């Protein structure tokens, strides 16, 4: 009984983490394999499918699907977007902060790369924000990344 109770709590907490607030918009990648959610006042970029921008234009996120495994994409991603600090690396999600892209100058604010394992491969997102006060909202966006429904 105790083990099944713990299993139920773990399952419910995973569902709660993946769920975005009800009023948020769902953003999908070009092939509609991956998605994330953003606050209702964010706008979707009409040219760059999968990109959303905050109302004050200080925060943004972009997503795309990749059919490769997380283990296969990690070396390439680390070379193109060198990690500054790994936040999570558990085999299901690879999340780190970065200050610059390879061979480029430092980017302003906080920048995260997040890859989430899904049945079709990996959903990868880049999330950027300039105001440290936006971090809790940006974490909700990260927690909403997954396979398109």
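The values are calculated or read from the model by the stated rules, or taken from the named source; none is laboratory data. Keep in mind it's a predicted model, so treat the numbers as computed, not measured. Here Cβ is always computed from backbone atoms with ideal geometry, including for glycine, and neighbour counts include all displayed protein chains.
Observations
- When each of 99, 92 is tested for being surrounded by fewer than 13 Cβ atoms within 10 Å (Cβ to Cβ), out of contact with any helix residue (DSSP H, G or I) (no Cβ under 6 Å at 6 or more places or on another chain) and farther than 20 Å from residue 26 by Cα, the lone residue that passes is 92.
- Of all residues in the range 75-92, those satisfying the criterion of being without any contact (Cβ under 8 Å) to a residue 40 or more places away in the chain, in contact with a strand residue (DSSP E or B) (Cβ under 8 Å, 6 or more places away or on another chain) and at negative phi are 83, 84, 85, 86, 87, 88, 89, 92.
- Residues that are closer than 23 Å to residue 21 by Cβ, exposed (fewer than 12 other Cβ atoms within 10 Å of the Cβ) and at pLDDT 95 or above are absent from the range 78-85 altogether.
- Qualifying residue in the range 132-147 (condition: at pLDDT below 95, out of contact with any strand residue (DSSP E or B) (no Cβ under 6 Å at 6 or more places or on another chain) and surrounded by fewer than 13 Cβ atoms within 10 Å (Cβ to Cβ)): yes
- The range 119-131 - residue that is more than 12 Å from the chain's Cα centre (by Cα) and buried (at least 18 other Cβ atoms within 10 Å of the Cβ) and, of those, farthest from residue 32 (Cα to Cα): 129
- Only one entry in 106, 72 is within 29 Å of residue 41 (Cα to Cα) and either out of contact with any strand residue (DSSP E or B) (no Cβ under 7 Å at 6 or more places or on another chain) or modelled with pLDDT under 95 (or both), namely 106.
- Among the residues making up the range 20-29, a single one is modelled with pLDDT under 95, more than 13 Å from the chain's Cα centre (by Cα) and surrounded by 10 or more Cβ atoms within 10 Å (Cβ to Cβ): 21.
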